[in-house]
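Working notes, structure below.
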Amino acid sequence: MQHDDHAGTAGRSSPTQTLNWSDVTRWATHGNLPPPRRVEKTDAQWRELLTDEQFGITRLKGTERAHSSEMCRLFEPGRYQCLCCATLLFDASSKFESHSGWPSFTQPVALGVIAYHQDNSHSMNRIETTCNVCDAHLGHVFPDGPEPSGLRFCINAVSLKKIADVSTNLDNKHSEEQTGPTTKGASS
Ligand SMILES: [Zn+2]
């Protein structure tokens, strides 16, 4: 009886915290990771929940005008969830100024929340991003982002809803007493 200890094969799927362009193209070509859950509605049901603009962008793969949203210049802490199904997609810590006119991120909050698809429309070869839970169109991802991921998730602001980073943070149990207002003059 041979006792071949093939250690290592199981550990091959070492979780890379930062995804990169080869991950994205692999998923777009060979299929996406399973979503954490699914939300499925008919077009009529989505129409009841969304404005015409929201429906056009998230359900019909539209694109908002560049620089049309203040969200481009918003870098306060917080999280961004899918407009349609409230799945958490991005954290403000991964948001950066791309000067593209659309909110831009380097990576999502979790691997399975975004799906990637080859998009050859408009005679371009791009990778479309959708919400993996409800299939809402988000935008595209490009390989020209900053390190470490090198990715630029170029996302329609309409497809996102920003939520404050409160109440989800229960590990901050100790209440910090702030005596006296920290007078920070509006010097800018
Ligand atoms: Zn969604």
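The values are calculated or read from the model by the stated rules, or taken from the named source; none is laboratory data. Computed from a prediction, not measured in an experiment: that's the story for all the values here. All Cβ positions, glycine included, derive from the backbone under ideal geometry; neighbour counts span all protein chains shown.
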Exactly one of these conditions fails for residue 64: (1) within 14 Å of residue 160 (Cβ to Cβ); (2) assigned to a strand (DSSP E or B); (3) touching a residue at least 60 places away in the same chain (Cβ under 8 Å). Give me its number. (2)
Pairing a residue in segment 146-158 that is of a type in the set (D, E, K, R) with any residue that is surrounded by fewer than 16 Cβ atoms within 10 Å (Cβ to Cβ), where Cβ atoms lie under 6 Å and the two sit 6 or more apart in sequence or on different chains, gives 152/144
Could you please give the count of residues in segment 101-143 that are part of a loop (DSSP other than H, G, I, E, B) and either crowded, with 17+ Cβ neighbours inside 10 Å or more than 16 Å from the ligand (Cβ to nearest atom) (or both)? 16
Looking at 120, 125, which is the one that is touching a strand residue (DSSP E or B) at 6+ places or on another chain (Cβ under 9 Å), free of Cβ contacts under 8 Å to residues at least 40 places away in the same chain and farther than 25 Å from residue 18 by Cβ? 120
Going through 90, 75 one at a time, which residue ends up being more than 11 Å from the ligand (Cβ to nearest atom) and either over 26 Å from residue 121 (Cβ atoms) or assigned to a loop (DSSP other than H, G, I, E, B) (or both)? 75
Candidates 53, 48, 40, filtered to the one that is modelled with pLDDT of 95 or more, under 22 Å from residue 160 (Cβ atoms) and part of a loop (DSSP other than H, G, I, E, B): 40
Qualifying residues in segment 116-143 (those that are at pLDDT 95 or above and among the hydroxyl-bearing types (Ser, Thr, Tyr)) - the one farthest from residue 50 (Cα to Cα): 116
